[in-house]
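What follows is one structure encoded as structure tokens, with my remarks underneath.
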Amino acid sequence: MKEKVKVSVLMLTYNHEKYIADAIESVVKQKTDFPFELVIGEDFSTDNTANICREYQKKYPDIIKLNANDKNLGLQKNFIQNYNLCSGEYMAICEGDDFWINKHKLQIQADFLDQHKKYSACFHRALNYYQENGSKSISNGAYQKKVNSVIDIITCNPITNVTVMFRLGLFGELPSWFNKVTSYDFALHVLNAEHGDFYFMNKVMAVYRQHKQSIWSMASSEKQMLISVINRGLLMDHYKGKNETIFKKLTETYSIGCIRQIQYYLSTGNEEKALEFEELAMQVNPSLTLEQLKEMEKIKKIPLKKKISQYLFRLIKAIRCEISKLIPLPKI
């Protein structure tokens, strides 16, 4: 009798022919004392990605489940379809343009969750690799908390997808509204964190590749802020009347997101869009007066001392960026 899969690794890919081999290799080379599967959702790429995936599936038929779409579904539907194909006790994520650099990553994280039942997930540091200029940085700096509650995650999501492992099925099936999310990770983490804290491991075990073709990297600041507002709005509807603490925090951060959108549109002279987000902010937070909102919208003058500190910080960051280009990119 075939032993049950312990960890499902979800890999979504679209037009990743330059990167997909690194991603798949980093998964199939994992050293574990349990069975794991790699579920690949290939979303009808227009390049050679699908053929590369098929070759790997032939080479590792006991590990790889290839779900090659016959039309492009888009990120949300592709995620939902392949999430529902995963059968493990735990799930890890490795997008088709990222990869892992530690052969024991799955074992380390699964062992932790086996031994610490109170946590719903664990995540670790990542090496951020900026494909266009070859620079690198490390995620989750010195102030990263070890134990992260659902409130922490709503306040500021600290999790890079390629680093997380979580218990599958904590909240049952994906909610019906999930196909409306504009990026699946934040909503997924909040739904999981409702059932237990996330634990941070101070280990660099993955590379998060940022490049012009990646969905988040190519999004403008305006679009990234909008994504944040939309996802929080969907989660607010989900938790309204169900969990007051989570709903209240989502409402607070939704309002902050609206204010940032207002500030952006005012700075670009788009008063019509600014007014639209003023109305949204006041709808979800009726106690907020127009006068309070206007005060929040003001772009504060930065004191000279703070300007100097910011300049020095940017200078140090730029120097580190140039030095990082000389460091070879690690592989598994």
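The values are calculated or read from the model by the stated rules, or taken from the named source; none is laboratory data. Only a predicted model underlies this, so the values are computations on that prediction, with no experimental measurement involved. Positions of Cβ are generated from backbone atoms using ideal geometry, with glycine treated the same way; all protein chains shown enter the neighbour counts.
Things to note:
- Out of 53, 94, 122, one residue alone is more than 19 Å from residue 207 (Cα to Cα) and surrounded by 16 or more Cβ atoms within 10 Å (Cβ to Cβ). It is 53.
- Test: residue in the range 91-105 that is under 24 Å from residue 174 (Cα atoms) and touching a His at 6+ places or on another chain (Cβ under 7 Å): yes
- Search result, residues across the range 165-185 that are surrounded by fewer than 15 Cβ atoms within 10 Å (Cβ to Cβ) and either under 17 Å from the mean Cα position of the chain (by Cα) or in a helix (DSSP H, G or I) (or both): 176, 177, 179, 180
- So residue 144, is it of a type outside the set (Phe, Trp, Tyr), without any contact (Cβ under 8 Å) to a residue 24 or more places away in the chain and surrounded by fewer than 16 Cβ atoms within 10 Å (Cβ to Cβ): no
- Consider the range 1-44 and keep the residues that are among the small types (Gly, Ala, Ser) and more than 15 Å from residue 79 (Cα to Cα). The one that is surrounded by the fewest Cβ atoms within 10 Å (Cβ to Cβ) is 21.
- Taking the numbered list (1) free of Cβ contacts under 8 Å to residues at least 60 places away in the same chain; (2) in the same structural domain as residue 167 (by TED's automatic domain parsing) in turn, residue 2 passes all entries but (2).
- When the range 236-267 is filtered for residues that are modelled with pLDDT of 95 or more, among the hydrophobic types (A, V, I, L, M, F, W, C) and either surrounded by fewer than 19 Cβ atoms within 10 Å (Cβ to Cβ) or under 16 Å from the mean Cα position of the chain (by Cα) (or both), the ones remaining, listed by number, are 236, 247.
- From the list 108, 101, the lone residue that is in contact with a Pro (Cβ under 6 Å, 6 or more places away or on another chain) and surrounded by fewer than 20 Cβ atoms within 10 Å (Cβ to Cβ) is 101.
- Of the residues making up the range 1-26, just one is of a type in the set (Val, Ile, Thr) and over 21 Å from the mean Cα position of the chain (by Cα), namely 5.
- In the set (1) assigned by TED's automatic domain parsing to the domain that holds residue 135; (2) surrounded by fewer than 21 Cβ atoms within 10 Å (Cβ to Cβ), residue 198 fails one condition alone, (2).
- Residue match in the range 319-326 (condition: surrounded by fewer than 11 Cβ atoms within 10 Å (Cβ to Cβ), modelled with pLDDT under 70 and either in a helix (DSSP H, G or I) or of a type in the set (Lys, Arg) (or both)): no
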